[in-house]
Amino acid sequence: MAVFGPPPWDSAPRGEADRRVPCGRVLVRTPTLEITLTAVVVYSTGWMFELSAHAIRGDQDEKRWRRIGRIVGQGFVSLNGPGRPPTSHQDGLRLSVAYEGHPAVTTARTVETAPELLPPNASSFTGYWQGGSVLGNTVHAQHRAWLWPTPPAGPIALTLQWNAMGIAPVTVELDITSLN
C-alpha cells in the first residue's frame, strides 16, 4: 500500500523515532524579546530545529503591541499558512544554515523556491509555526525549522534575522559532530 505524505524535503519523516538533543541556547536577548534554540531533533533524513520566542510589551503602544503579537506569534515567513494570513518577507523570522562545502540555505523563500518546487538534489530549510499564545502583556510562541537533507558532521553556522523585531543577523556556531 502506498503511503501518502509530504515530500522528504518538506518535513520530518512520519512514524520515525527521533533523537532530541536539548540545547537551551539563547540566540537573541533584548529588553523585550528572547529567542532560544531549545532543541535539535535528529531524524534519518534531516534535522528539526525547535525555537521558543518570548516577548513582553514593555513601553509599546497598543497598535505596536498588537503587531508584535502577530509577528512573534506567526514567526516564519509564510507563503500560504493554513488558517493564517501570510506575513511579508520583511516581517518574518528568518533562519539560515551554512556548513563547509555547502551554500547557505534559508527559511525565507519566494514562491519560486518553495519546498514543493525544489529539485530533490537541493537543500531545503522550511520554517513552521508550532503554537503560541498572547496573554496580556506577553507573547510566547514555538517555531520549528526542518533542514533537509541531514548535514555532514562538523560545525554549522545558524543565522537568525528578524527585521520586524529589530533583530539584525545574529550567527552562532553549533558543533554538530555528535548529532549524526
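The values are calculated or read from the model by the stated rules, or taken from the named source; none is laboratory data. Note that the structure is predicted; figures quoted are calculated from it, not measured. Don't worry about glycine lacking a Cβ; one is built from the backbone with ideal geometry, like all the others, and counts go over all protein chains shown.
Descriptive notes on the structure:
- Selection of region 3-53 for residues being within 14 Å of the chain's Cα centre (by Cα) and acidic (Asp, Glu) yields ASP10, GLU50.
- Condition check for SER44: more than 27 Å from THR171 (Cβ to Cβ) and part of a loop (DSSP other than H, G, I, E, B): yes
- So ALA108, is it under 30 Å from ARG57 (Cα atoms), part of a loop (DSSP other than H, G, I, E, B), at pLDDT below 85 and of a type in the set (A, V, I, L, M): yes
- Residue list for region 112-154, filter: under 19 Å from the mean Cα position of the chain (by Cα), at pLDDT 80 or above, of a type outside the set (S, T, N, Q) and loosely packed, with under 14 Cβ neighbours inside 10 Å: GLY131
- Only a single item in (1) at pLDDT below 80; (2) not in a loop (DSSP other than H, G, I, E, B) is not met by PRO85, and it is number (2).
- Selection count, region 7-41, where residues are touching a residue at least 40 places away in the same chain (Cβ under 8 Å) and part of a loop (DSSP other than H, G, I, E, B): 7
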